[in-house]
Structure formats: structure tokens, C-alpha cells
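Here, each number is a calculation from the coordinates, and none is a lab measurement. Predicted, not measured: the structure shown is a model, and the values here were computed from it. Note: ideal-geometry Cβ built from the backbone for every residue, glycine included; neighbour counts use all protein chains shown.
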Amino acid sequence: QVQLVESGGGLVQPGGSLRLSCAASGSFFSIYDMGWYRQAPGKQRELVASITSGGNTNYVDSVKGRFTISRDNAKSTVYLQMNSLKPEDTAVYYCNAQIRTHWSTGPYNYWGQGTQVTVSS
């Protein structure tokens, strides 16, 4: 069974930095696009950043220049480096990945359990 396990959230002051990690575990054939979403209280979940298996990246405008998404395909892991954090970045951050568990099926959409990021003084 495939699982996405996140780590790295926490409490940070405005202007600070955090690095989120998300590792895929279990048995799978290949991983395609990976990304990070976030959901703040009372708001819809939004895509923050995504990265293809080839390394092409995409960011929501509000984090451009502050966040960097990267991945290590050998470790089946995606990262989100968050710098110059603002209070409005406070949310639960979810890892997402498109994974093919067998060469003949999928890919299917998988989610991590979520990790809380709180930006506050």
C-alpha cells in the first residue's frame, strides 16, 4: 500500500523559514507529478507548488520568489523550502503525488496526512 509521509511543519515567526518533506513508501511502479497544497481555516484547499518527474515547476503567485519545490527521485521524496514566511502562509500543508502502482494501471492520486504550518509572532 502506498503512503505519503510528511514532516517538517511547525511554528515559525514571520520572516522565518521551514522545510517540508514528503516521502512515498510502499510498493509502486513510478511517480509522476508531485506537489504541495495548503488549506487555511475556512478556505478551500489550493495548490501551492508542483513539480514534474523531469523537474519542471509551477507556483501559485503568492509564494513565487519565497518557496522552492524540489524532488529526489531516488528517494521518492518531494520538498518544499519556505522562506520569508508570512502569517497568511498559515495552513495545513498536504503532499500530493500521482503514482502508478503497476505498469498497467493508474496513475492514481495520493495524499499525505497533512502537516500544520503556523506563522506567528
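Some notes on this structure:
- Residue by residue, the stretch 72-81 carries 3J(HN,Hα) couplings of 10, 5, 5, 9, 6, 10, 10, 10, 9, 8 Hz when phi is fed to the Karplus relation 6.51 cos²θ - 1.76 cosθ + 1.60 (θ = phi - 60°); x denotes Gly or Pro.
- On the beta carbon distance between residue 40 and residue 70, with R0 = 22 Å, the FRET formula returns roughly 0.40.
- Using the Cβ-Cβ distance between residue 86 and residue 19 with R0 set to 25 Å, the FRET efficiency works out to roughly 0.90.
- Here the gap between residue 29 and residue 52, fully extended at 0.36 nm per residue and compared with their Cα-Cα distance, gives a gain of 6.7 nm.
- Cross-link partners of residue 86 among aspartates and glutamates (Cα-Cα below 19 Å; sequence separation of 8 or more within a chain): 46, 61
- Residues whose placed amide H lies under 5 Å from that of residue 48, excluding near-sequence neighbours: 36, 37, 38
- For the chain: rounded, prolate or oblate by the Cα gyration tensor [a/c cutoff 1.5]: prolate
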